[in-house]
1. Kindly indicate whether A:GLU460 is in a loop (DSSP other than H, G, I, E, B), in contact with a strand residue (DSSP E or B) (Cβ under 6 Å, 6 or more places away or on another chain), farther than 29 Å from A:GLY152 by Cβ and at pLDDT below 95.
2. Would it be correct to say that B:ALA121 is within 26 Å of the chain's Cα centre (by Cα) and under 14 Å from B:GLU161 (Cα atoms)?
3. Among the residues of the range B:326-348 satisfying the criterion of being under 28 Å from the mean Cα position of the chain (by Cα) and not in a helix (DSSP H, G or I), which is surrounded by the fewest Cβ atoms within 10 Å (Cβ to Cβ)?
4. Which condition number does A:GLU207 fail, the rest of (1) within 26 Å of A:VAL434 (Cα to Cα); (2) in a helix (DSSP H, G or I) being met?
5. Residues of the range A:371-402 being buried (at least 16 other Cβ atoms within 10 Å of the Cβ), under 19 Å from A:ILE275 (Cα atoms) and touching a residue at least 60 places away in the same chain (Cβ under 8 Å), which ones?
6. Under the condition of being of a type outside the set (Ser, Thr, Tyr) and farther than 14 Å from B:ASN70 by Cα, which residue from the range B:112-127 is farthest from the other protein chains (Cβ to nearest Cβ)?
7. Residues being touching a residue at least 40 places away in the same chain (Cβ under 8 Å), part of a strand (DSSP E or B) and either within 28 Å of A:GLN174 (Cα to Cα) or more than 9 Å from chain B (Cβ to nearest Cβ) (or both): count how many of those fall in the range A:133-144.
8. Of the residues that sit in the range B:51-61 and are in contact with a strand residue (DSSP E or B) (Cβ under 7 Å, 6 or more places away or on another chain) and within 11 Å of chain A (Cβ to nearest Cβ), which one is surrounded by the most Cβ atoms within 10 Å (Cβ to Cβ)?
Protein chains: 2
Amino acid sequence: MSEEKQSDLGITVKKNENFSEWYVQIIRKAELADYAKVKGFTVVMPYGYSIWEKIRDYLDSKFKETGHKNAYFPSLIPESLLGKEAEHFSGFTPEVFWVTHAGNSELGERLATRPTSETIAYDSYSKWIKSWRDLPLLLNFWNSVLRAEITGTKPFIRTSEFLWQEGHTVHATQEETDEEVMRMLNVYKEFVENILAVPAMTGKKSESEKFVGALYTMTLEGLMPDGKALQMGTSHNLGQNFSKSFEIKFIGKDEKEHFAWQASWGVSWRLIGAIVMVHGDDKGLILPPKIAPIEAVIVPIFYSDSDKEVVLQKIEDISQLLSNKGMSVYADTREQYTPGWKFNEWELKGVPLRIEIGPRDIKNKKITIVRRDTFEKLEVEEKLIYQETKRISEDIQGNLFKKAKDFMESHTTEVENYEDFKKVLDEKGGFLKVFWCSKQECEEKIKDETGATIRLLSEEQKITSNCIYCGEKALTEAFFAKAY
Amino acid sequence: MSEEKQSDLGITVKKNENFSEWYVQIIRKAELADYAKVKGFTVVMPYGYSIWEKIRDYLDSKFKETGHKNAYFPSLIPESLLGKEAEHFSGFTPEVFWVTHAGNSELGERLATRPTSETIAYDSYSKWIKSWRDLPLLLNFWNSVLRAEITGTKPFIRTSEFLWQEGHTVHATQEETDEEVMRMLNVYKEFVENILAVPAMTGKKSESEKFVGALYTMTLEGLMPDGKALQMGTSHNLGQNFSKSFEIKFIGKDEKEHFAWQASWGVSWRLIGAIVMVHGDDKGLILPPKIAPIEAVIVPIFYSDSDKEVVLQKIEDISQLLSNKGMSVYADTREQYTPGWKFNEWELKGVPLRIEIGPRDIKNKKITIVRRDTFEKLEVEEKLIYQETKRISEDIQGNLFKKAKDFMESHTTEVENYEDFKKVLDEKGGFLKVFWCSKQECEEKIKDETGATIRLLSEEQKITSNCIYCGEKALTEAFFAKAY
């Protein structure tokens, strides 16, 4: 392949010059996803899907460890059922896709393609739950949901269909429900920080930003390199709103009837978008080793047939050794591409470690490892290959997290007046930590005037200043940001 | 719980007296699935879903071993795309659910809720495939599909929405495509026979029964205890039909342009229905150990508090021991139910092995194991618990398969004339092995007059008699049966 063609395959814009175009190029050129025939929909390609599989498998094991089981509910929901909780319905109805016909027959009642499963699940829950013995009910669903997105669609970040998980649990008491909400928020936080290497802030949503129908919503927010926040997951205490609409009642140990308490929580393939944005560079994707479908790629380097045999045998041995130790390695022995072409491809695809093996390395009993995050080239003793690969891999994981965390911290600014607020938002972006009177009017005005919304309310209880907007008594500390 | 209530929980009809009602009772009472709000749709409950997870995980590992990767395509398909291959479209259009509105806006073009993904996938494939280097393309999708089923709906067997996998592969030659079709058919056969303990016949579908748009269809057929066949999986050679409609072309090694060859193959949650029907008995479900989410349940038996402590400790030890060896065991230490109640529940749910532990057993260093398939009670040495559990588990797996295989063999009848055909079909059901002239007219007449269809064509080449219907020269051997 000519040099010219080669460069076409790479990313042609710089991350810090045109972030939006850079993102879309990564998605397409690293073969994570492709656009589908219908606007707003995406096709997740095998490489992108393998990242989703790792996310799913990891979280699923955590859900099961915390006592949850999976189930499947229909993807079509009758309009009457979707409308049973009024506030919830009004929140979703503008973006619902409606099925009106089956074959040539018009349906008696319109069916919504699932925008979320509260209503259809809780209809069943009301039949299943009779007694305190049936509680807690701890279910989760892995499925796809559809919400018509007209503007600002972006692969993985905002699409008319996305894959996600939605946990829907039922409890006897408010206290247990609060515990569940925090337990799952912490599962998410631990996952995004330790596995995806994406730092997250957690806190409560304001009344206007909470989930429609919830008592309160806890959120997990990340900060993207363009200074915009990304909501990565939410965990809701639904109170008794839905249990009252859906008659989810149980006979308690006190032999009296009670409405149940409910929680729901979810994350979606949006997490893939977060990984891309936070870690990628001008060369392409950078995957944290713990979520990379391929942790290390091995590239043979030889120029003669006699070398070929020796090199391929060594690659086979090293590949086997690392696989046996539980690493996911891929030996790229394709003959139609040059080593240079392969280097570029795997850099674009963000494989954390590249292992190069050539005849000289074999003679010297050395192996060359190249880090994707820093491009640092390390020569390691062949006999130490596993220990060194593992050490470097862990170092990359830590380095990516630290870099992202430093960015988030340096882009979280405490501001004391509205002029500074606007200035910092314009010049630097990121999270703006302010005091707020808790009145929706001020929140709304700030949003209209600056585009920033409250991402979360801080747990900080010490109020040292007045509301950033109206100057009246502040009741809480809030983190504002522009957001996806 | 009173004895009366207890019996309500169990299956109240006999399998050989009212098979259809028996089936529905198992589905509901073993908590595999529940009816949803919309007719023809089901909710898969956690216990049923955990069987699906085992099916999915096992098959997924086999797909990956054979070089396939997963991807995700949108669940909504524009009408124009669905209509691109005319035969395919006419086959699916009567049962398609149509989305006509998003929010309050009417869509410019109707969108079908995915009845199968050929059209939307191949639209992308045509963009992705350019050269022989891009082949073979070996993808699989785990998703749900919707097909409006008006009559004869039955949980897992025929529903308006079902979970399945659909493999869609692209090859350079017809020969490679034939190989793929057989490879995946064999993956299915090995799976249903060795893991689900359900014997299967395989063969080619007749022209009228093949997949709409395929060159030919290979099928995997099981025989249910009511004498009806169940199509459990199919593997199609799509020829170049779709590649011509969708312009899936590649430049070959010969530097000329060729239309690609394609295969597709799938199984669905229908396999759960097969397990239920084939193995269950009057007491409930019987799960083959290799697919059972719980392979062994351990039930403590004690009547005093002093015994309780000793028994629970022993259960903890045994449970740990078996888990460490890779068995999925569940220690049912719930205090609100009696041992008898638990026995009934786990029999209903088909757990293959029940381990009973009481103070007398502990004193004698013996453990009681009860087989779900035969109810045989075995007393084994405590120190041999793992070896014995494993041995009995394997024996159950083999026994279930043998029983089902004997049934299929004894219900496969070679008939030589149409009178016998009708008589055997009426009195015994099962597969009827006949010679056939290969004319659709005879096939159609037999179907109209008896309700039996050709399930598959035999590979037997020796034709020893004339067509069972018209008496003219037979060209092939065919297996007829009534079918789900």
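The values are calculated or read from the model by the stated rules, or taken from the named source; none is laboratory data. Since this is a predicted model, take the numbers as computed values, not measurements. Backbone-built Cβ (ideal geometry, glycine too); neighbour counts: all protein chains shown.
1. Criteria met by A:GLU460.
2. Answer is no for this residue.
3. This residue is B:GLY326.
4. Condition (2) is where A:GLU207 drops out.
5. A:ARG372, A:ASP373, A:SER393, A:ILE396, A:GLN397, A:LEU400, A:PHE401
6. Checking each candidate, the answer is B:GLU118.
7. Residues of the range A:133-144 that are touching a residue at least 40 places away in the same chain (Cβ under 8 Å), as a first pass: A:134-136, A:138-144.
Those still in the list that are part of a strand (DSSP E or B) too: A:138-144.
Pick out the ones that are also either within 28 Å of A:GLN174 (Cα to Cα) or more than 9 Å from chain B (Cβ to nearest Cβ) (or both) and you get A:138-143.
Residues flagged as touching a residue at least 40 places away in the same chain (Cβ under 8 Å), part of a strand (DSSP E or B) and either within 28 Å of A:GLN174 (Cα to Cα) or more than 9 Å from chain B (Cβ to nearest Cβ) (or both) within the range A:133-144 amount to 6.
8. In this case the residue turns out to be B:TRP52.
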